[in-house]
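A.B. asks: I have a structure here, written as structure tokens, and I will follow up with some questions on it.
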Amino acid sequence: MRKIKKIAVMTSGGDSPGMNAAIRSVVRTCAYYRTDCMGVYRGYQGLIEGDLIPLTARSVNNIIQKGGTILKSARSKDFRTEGGRKKAYESLKKNNVDALVVIGGDGSFTGGVIFNKEFNFPIIGIPGTIDNDISGTSHTLGYDTALNTAVEAIDKIRDTASSHNRLFFVEVMGRDAGFIALNAGVGAGAEEILIPEEDLGLERMLESLKKSRRSGKSSSIVVVSEGDKTGKNVFELADYVEKNLPEYEVRVSVLGHMQRGGSPTCFDRVLASRLGVSAVELLLDGKTNLMVGLKDNKVVATDLEKAIKGQHNIDTELLRVSDIMTT
């Protein structure tokens with residue numbers, strides 16, 4: 001087992017609030033254990049191009065509260081090639097780096113798994129994505145912040161909906177997972193929630209809106225996950241409802257990338273700090289090809305391949321609560 005003397009940290013894929021807090025944690029844990037640390041700019045592409053800089057405990061002052069990532073992020077087509085990965089390995093060796101912490105989502109972890117297999121290079125993953133769609137952890141970095149951003153926005157939209165007796169379709173992010181939509185919808189008191197994991201169906205949605213109207217509701221909020229499987233995008237859904245329920249004045253609001261920005265919540269800052277410490281300690285203990293995550297409020301390690309291939313299932317109990325709350 002090789003002795004780990006220098007660890008590199010990088011952020012890859014989409015940014016998420018809490019990434020900077022995780023970078024800070026990795027760097028300061030390295031300093032605590034008297035291990036050198038380097039930061040990789042622009043993810044795997046920067047790794048291929050040798051864009052690495054030394055980081056010390058003082059390098060990461062005043063970043064815990066910042067959204068985005070100070071190390072930047074980028075997609076890398078070159079890393080998908082054997083030649084590109086060989087350049088990345090040579091770059092790490094040139095800088096005397098012995099191990100790598102990858103902060104990102106399933107695409108970043110997939111690249112890490114392949115890299116580890118080809119070069120036997122120690123890698124630990126920290127899940128950073130607002131979608132919360134990675135197995136092996138109850139929360140990914142940025143998810144809690146994105147939830148709070150979405151709920152705050154929906155609360156403000158409801159003020160307008162109530163003032164004008166309107167029906168609002170609010171689209172939230174989440175790719176192919178409905179975690180943000182379900183939790184934000186329940187938290188904001190939405191009348192309907194459309195998520196990829198449960199096909200509500202257009203007729204059931206219409207009936208639900210009719211029922212809300214009959215019960216005296218003059219305005220409604222429908223939260224839609226961007227990966228919803230009704231077969232229509234949010235604008236088509238709005239048109240469909242207007243045609244079938246002309247008594248409703250329908251508006252659409254797409255929250256978009258505002259959910260990926262902003263100062264991370266306390267929860268995400270603390271989670272990032274805990275995961276960063278664990279990632280470095282695992283590498284120093286000779287562990288590799290693992291992802292650190294949170295289960296039952298304890299930091300746990302999961303095989304990186306299982307984290308990618310496993311299914312993080314939607315909370316069926318919360319689905320039941322949602323059905324009751326929309327009565």
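A.B. asks: What about G14, is it at pLDDT below 95, within 24 Å of M173 (Cα to Cα) and outside any strand (DSSP E or B)? First the steps, then the outcome.
C.D. replies: Numbers: at pLDDT below 95: yes; within 24 Å of M173 (Cα to Cα): yes; outside any strand (DSSP E or B): yes.
Judged against the criteria, G14 is a match.
A.B. asks: In segment 305-327, is there at least one residue being crowded, with 19+ Cβ neighbours inside 10 Å and within 22 Å of G39 (Cα to Cα)?
C.D. replies: So far as segment 305-327 goes, no, none of its residues is crowded, with 19+ Cβ neighbours inside 10 Å and within 22 Å of G39 (Cα to Cα).
A.B. asks: Can you name the number of the only condition in (1) β-branched (V, I, T); (2) buried (at least 21 other Cβ atoms within 10 Å of the Cβ); (3) farther than 28 Å from H312 by Cα that I154 fails?
C.D. replies: Here I154 clears every test but (3).
A.B. asks: If you don't mind, there's one more thing I want to ask. Restricting segment 24-51 to residues that are crowded, with 20+ Cβ neighbours inside 10 Å and among the aliphatic types (A, V, I, L, M), which is farthest from G112 (Cα to Cα)?
C.D. replies: Once the filter is applied, the top-ranked residue is V27.
A.B. asks: Looking only at residues in segment 178-192 that are crowded, with 24+ Cβ neighbours inside 10 Å and in a loop (DSSP other than H, G, I, E, B), which one is farthest from the chain's Cα centre (by Cα)? Spell out how you get there, then give the answer.
C.D. replies: Keep residues of segment 178-192 that are crowded, with 24+ Cβ neighbours inside 10 Å, which gives 178-185, 190.
Then keep just the ones that are in a loop (DSSP other than H, G, I, E, B); that gives 178, 190.
Details: G178: 12, A190: 22 Å.
In this case the residue turns out to be A190.
A.B. asks: Sticking with this structure for a sec: Within segment 238-260, count every residue that is buried (at least 16 other Cβ atoms within 10 Å of the Cβ) and either touching a His at 6+ places or on another chain (Cβ under 6 Å) or small (G, A, S) (or both).
C.D. replies: Qualifying residue count for the region: 2.
A.B. asks: Residue by residue through segment 297-324, note down the ones that are among the aliphatic types (A, V, I, L, M) and assigned to a helix (DSSP H, G or I).
C.D. replies: L304, A307, I308, L318, L319, V321, I324
A.B. asks: For I154, are the conditions met, namely being out of contact with any Asp or Glu (no Cβ under 6 Å at 6 or more places or on another chain), outside any loop (DSSP other than H, G, I, E, B), β-branched (V, I, T) and in contact (Cβ under 8 Å) with a residue 24 or more places away in the chain?
C.D. replies: Working: out of contact with any Asp or Glu (no Cβ under 6 Å at 6 or more places or on another chain): yes; outside any loop (DSSP other than H, G, I, E, B): yes; β-branched (V, I, T): yes; in contact (Cβ under 8 Å) with a residue 24 or more places away in the chain: yes.
Yes, satisfied.
A.B. asks: Taking the condition open to solvent by 30 Å² or more (accessible area, probe 1.4 Å), in contact with a Ser or Thr (Cβ under 8 Å, 6 or more places away or on another chain), in contact (Cβ under 8 Å) with a residue 60 or more places away in the chain and not polar (S, T, N, Q), does G107 pass? Give the derivation first.
C.D. replies: Values: open to solvent by 30 Å² or more (accessible area, probe 1.4 Å): yes; in contact with a Ser or Thr (Cβ under 8 Å, 6 or more places away or on another chain): yes; in contact (Cβ under 8 Å) with a residue 60 or more places away in the chain: yes; not polar (S, T, N, Q): yes.
Criteria met by G107.
A.B. asks: Still on this structure: Quick one: in segment 209-229, which of the residues that are modelled with pLDDT of 80 or more and open to solvent by less than 20 Å² (accessible area, probe 1.4 Å) is nearest to the chain's Cα centre (by Cα)?
C.D. replies: So the residue we want is S225.
A.B. asks: Give the residues of segment 68-83 that are buried (at least 19 other Cβ atoms within 10 Å of the Cβ) and modelled with pLDDT of 95 or more, sorted by residue number. Let's see the steps before the verdict.
C.D. replies: So in segment 68-83, the residues buried (at least 19 other Cβ atoms within 10 Å of the Cβ) come out as 69, 71, 73, 76, 79.
Residues satisfying the conditions are T69, L71, F79.
The values are calculated or read from the model by the stated rules, or taken from the named source; none is laboratory data. The shown structure was predicted, so the numbers you read here are calculated from the model rather than taken from an experiment. Using ideal geometry, Cβ is built from the backbone for each residue, glycine included, and neighbour counts are taken over all protein chains shown. Accessible surface is based on the protein model in full, side chains and every heavy atom, while ligands, DNA and RNA are left aside. Shrake-Rupley method; radii C 1.70, N 1.55, O 1.52, S 1.80 Å.
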